1. Show me the strands (runs of 3 or more DSSP E) entirely contained within region 253-306 in which 3 or more residues are among the charged types (D, E, K, R), surrounded by 14 or more Cβ atoms within 10 Å (Cβ to Cβ) and at pLDDT 95 or above.
2. Restricting the search to region 166-216, which residues are open to solvent by less than 30 Å² (accessible area, probe 1.4 Å), part of a loop (DSSP other than H, G, I, E, B) and farther than 28 Å from GLU365 by Cα?
3. Scan region 10-25 and give yes if some residue there is of a type in the set (A, V, I, L, M, F, W, C) and without any contact (Cβ under 8 Å) to a residue 12 or more places away in the chain, otherwise no.
4. Given (1) out of contact with any Ser or Thr (no Cβ under 8 Å at 6 or more places or on another chain); (2) farther than 16 Å from THR246 by Cβ; (3) among the hydroxyl-bearing types (Ser, Thr, Tyr), identify the lone condition not met by THR209.
5. Might you let me know whether region 104-115 holds any residue that is open to solvent by less than 30 Å² (accessible area, probe 1.4 Å), in contact (Cβ under 8 Å) with a residue 24 or more places away in the chain, among the charged types (D, E, K, R) and under 27 Å from MET5 (Cα atoms)?
6. Going residue by residue through region 133-152, is there one that turns out to be open to solvent by 40 Å² or more (accessible area, probe 1.4 Å), within 23 Å of VAL101 (Cβ to Cβ) and touching a Pro at 6+ places or on another chain (Cβ under 7 Å)?
7. Quick test of your reading of the structure: ILE36 fulfils all but one of (1) touching a residue at least 40 places away in the same chain (Cβ under 8 Å); (2) open to solvent by 60 Å² or more (accessible area, probe 1.4 Å). Name the failing condition by number.
Amino acid sequence: MDKIMGTSKVRLGVIGIGNMGTEHCRNILAGKCPEIELAAVADVRPERVEWARKELPAGVRVYDSGRELIRDQQCDAVLVAVPHYLHEQMTVQALSNGMHVMCEKPIAVEAAAAKRMIRAAETSGKTLALMFNQRTNSLYRAIKQILDSKEPGEIKRVNWIVTDWYRTQKYYDSGSWRATWAGEGGGVLLNQCPHQIDLLIWLCGMPKTVHAHCHEGKWHHIEVEDDVTAYLEFMNGATGVFIASTGDLPGTNRLEIDCEKGKIVCEDGKVLYTRLDENERELCFRSDDPWYRGHTKEEEVKTNGENPQHVGVLNAFAGHLLHGTPLIADAEDGLRALQLSNAIHYSGWTGKAVSVPVPQKSFHEELEKKIAGSHSRKTGDITYESDHSGTGSRR
């Protein structure tokens, strides 16, 4: 890894100052990222450029395109927060011009594009990191620690219902590129779900097969999926169900992982761990009791309560570039999440169970069919003042 030498701060350029890009700027300017200096921003929309010139400090350079920001060579690294199809272009350009990159999720629309981005990072010797901020949540870190300890034994089943990110039609109408195959490349799987898909792999491993149903425009006037149910099979024989939707109100966020020696449930801002006295796989064939229930002990897992989210990922990125400390998530993590996302899409499109990863050529051909029938949304682009600082906190 090529560290930044001779400086105490990373000069960061934010490419794309929509909802998330603007929030990143606010966090940095508020002093939440002490090793990062907001050096520049860029956006192709004149109204966002005008906003930046009026609202950002005088020392922040403002460009009317990411290409201009990169070409000017005033930054050590860039944060790519543009529509999904542009992630590859902006990332490769920045890497090729000697800049490190933090890319917003998802890494790309197709796994083939993600692989090209990874090759560009390897060729340049620069860092490519992913904004998988949910990995900073103390709840998921606690679950990771329990599973890595092997105390619960092998995973047998995982169920995740994550439908608490309700969106109204106004949300989808806020951007001409939103919720279209040509503009976004997908719906809930590419916009909301990348964090949970990444966490699923991080905690439980990559599924080997997927059989999914992806309902397009079920709850909204959109052409992409807003309701997904996927059945998963893992290498060790474990199975899983992943359900996601933007049409449920109030919705649910419940992760349940059933193991040989217990169960882990994450819901309502807490983790409950139920332990068995012995391995279920052993007692199943040893017990003389047909209705055996056994002895269990349930406890709430104590965590450190830390939940730094986007700020935590950016601070780890800066620490990595300046001091060589670990990233929260790297490009390979982004690729794996996209491979599973692509497989869920592909299974939904074809109506068949598929292996993970799916053939890139076959996925591309099916996506192109979707794009061919895609229509841009005749709406203006609206930038909201979003705040994700409370994401994943106890309600």
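The values are calculated or read from the model by the stated rules, or taken from the named source; none is laboratory data. None of the values given here were measured: they were computed from a predicted structure. Note that each Cβ is placed from the backbone with ideal geometry, even for glycine, and that neighbours are counted across all protein chains shown. SASA here: full protein model, heavy atoms, side chains in, ligands and nucleic acids out. Shrake-Rupley method; radii C 1.70, N 1.55, O 1.52, S 1.80 Å.
1. Because the criterion is at least 3 residues that are among the charged types (D, E, K, R), surrounded by 14 or more Cβ atoms within 10 Å (Cβ to Cβ) and at pLDDT 95 or above, the strands (runs of 3 or more DSSP E) in region 253-306 that meet it are 253-259.
2. The answer is SER174, and nothing else.
3. As a first pass, look at region 10-25 and keep what is of a type in the set (A, V, I, L, M, F, W, C): 10, 12, 14-15, 17, 20, 25.
With the extra rule that they be without any contact (Cβ under 8 Å) to a residue 12 or more places away in the chain, the set shrinks to none.
No - not one qualifying residue is present in region 10-25.
4. With respect to (1) out of contact with any Ser or Thr (no Cβ under 8 Å at 6 or more places or on another chain); (2) farther than 16 Å from THR246 by Cβ; (3) among the hydroxyl-bearing types (Ser, Thr, Tyr), THR209 is out only on (1).
5. Yes, that holds for at least one residue.
6. So in region 133-152, the residues open to solvent by 40 Å² or more (accessible area, probe 1.4 Å) come out as 141, 144-145, 148-151.
Among the residues that remain, those that are also within 23 Å of VAL101 (Cβ to Cβ) are: none.
Checking region 133-152: not a single residue is open to solvent by 40 Å² or more (accessible area, probe 1.4 Å), within 23 Å of VAL101 (Cβ to Cβ) and touching a Pro at 6+ places or on another chain (Cβ under 7 Å).
7. (2)
To keep it simple, each residue is scored yes or no on (1) closer than 30 Å to GLY13 by Cβ; (2) within 22 Å of the chain's Cα centre (by Cα).
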{"site": "THR246", "(1), (2)": "no, yes"}
{"site": "THR252", "(1), (2)": "no, yes"}
{"site": "GLU260", "(1), (2)": "no, no"}
{"site": "VAL265", "(1), (2)": "no, yes"}
{"site": "VAL271", "(1), (2)": "no, yes"}
{"site": "SER287", "(1), (2)": "no, no"}
{"site": "LYS302", "(1), (2)": "no, no"}
{"site": "ASN315", "(1), (2)": "yes, yes"}
{"site": "ALA318", "(1), (2)": "yes, yes"}
